[in-house]
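A short worksheet on the structure shown next.
The values are calculated or read from the model by the stated rules, or taken from the named source; none is laboratory data. Computed from a predicted model, the values in this text were never measured in an experiment. Cβ placement follows ideal geometry from the backbone for every residue including glycine, while neighbour counts extend to all protein chains displayed. Side chains included, ligands, DNA and RNA excluded: accessible areas come from the protein's heavy atoms. Shrake-Rupley method; radii C 1.70, N 1.55, O 1.52, S 1.80 Å.
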Amino acid sequence: QVQLVESGGGLVQAGGSLRLSCAASGRTFSTYAMAWFRQAPGKEREFVAAIWWSGSNTRYTDSVKGRFSISKDNAKNTVYLQMNSLKPEDTATYYCAFKRLPSTLPLYEYEYDYWGQGTQVTVSS
């Protein structure tokens, strides 16, 4: 059993930055993948970024490439999403996800085992 708690969301002006954090607790594993998904009003949940446990592989959705970066602190079982140059279209609830013992880096919602409750990011124009 893994619990995920997101933090760092808030209201920011376009062009600003936010740093989201997701702390994992409970029965975690040495081999894992973590990811961020987001869901905007009226839209389906979409993949944002993912990171392999070793940090050797990361993936981003095209719309955030060059603006967002995912990183992790293994000692704290925490993954971060640094969001720069935020745009109004980034407004969404951001969810942290965790996958135990992945064979490859999961990129799809259905592949992840555990989810946080989300943190709201609102970008004003």
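Within the stretch 112-123, track down each residue that is surrounded by 16 or more Cβ atoms within 10 Å (Cβ to Cβ) and out of contact with any Leu (no Cβ under 7 Å at 6 or more places or on another chain).
Y112, G118
Does Y94 meet the test of being within 27 Å of A14 (Cβ to Cβ) and surrounded by 18 or more Cβ atoms within 10 Å (Cβ to Cβ)?
Working: within 27 Å of A14 (Cβ to Cβ): yes; surrounded by 18 or more Cβ atoms within 10 Å (Cβ to Cβ): yes.
Here the answer is yes, as Y94 does meet what is asked.
Could you list all residues from the stretch 20-57 that are open to solvent by 70 Å² or more (accessible area, probe 1.4 Å) and farther than 14 Å from T91 by Cα?
Answer for the stretch 20-57, where residues must be open to solvent by 70 Å² or more (accessible area, probe 1.4 Å) and farther than 14 Å from T91 by Cα: R27, S30, W53, S56.
How many residues are in a loop (DSSP other than H, G, I, E, B) and either of a type in the set (K, R) or over 12 Å from the mean Cα position of the chain (by Cα) (or both) if we restrict to the stretch 100-111?
Applying the first criterion (in a loop (DSSP other than H, G, I, E, B)) to the stretch 100-111 yields 101-108.
Now restrict to residues that are either of a type in the set (K, R) or over 12 Å from the mean Cα position of the chain (by Cα) (or both): 101-106, 108.
Residues in the stretch 100-111 being in a loop (DSSP other than H, G, I, E, B) and either of a type in the set (K, R) or over 12 Å from the mean Cα position of the chain (by Cα) (or both): 7 in total.
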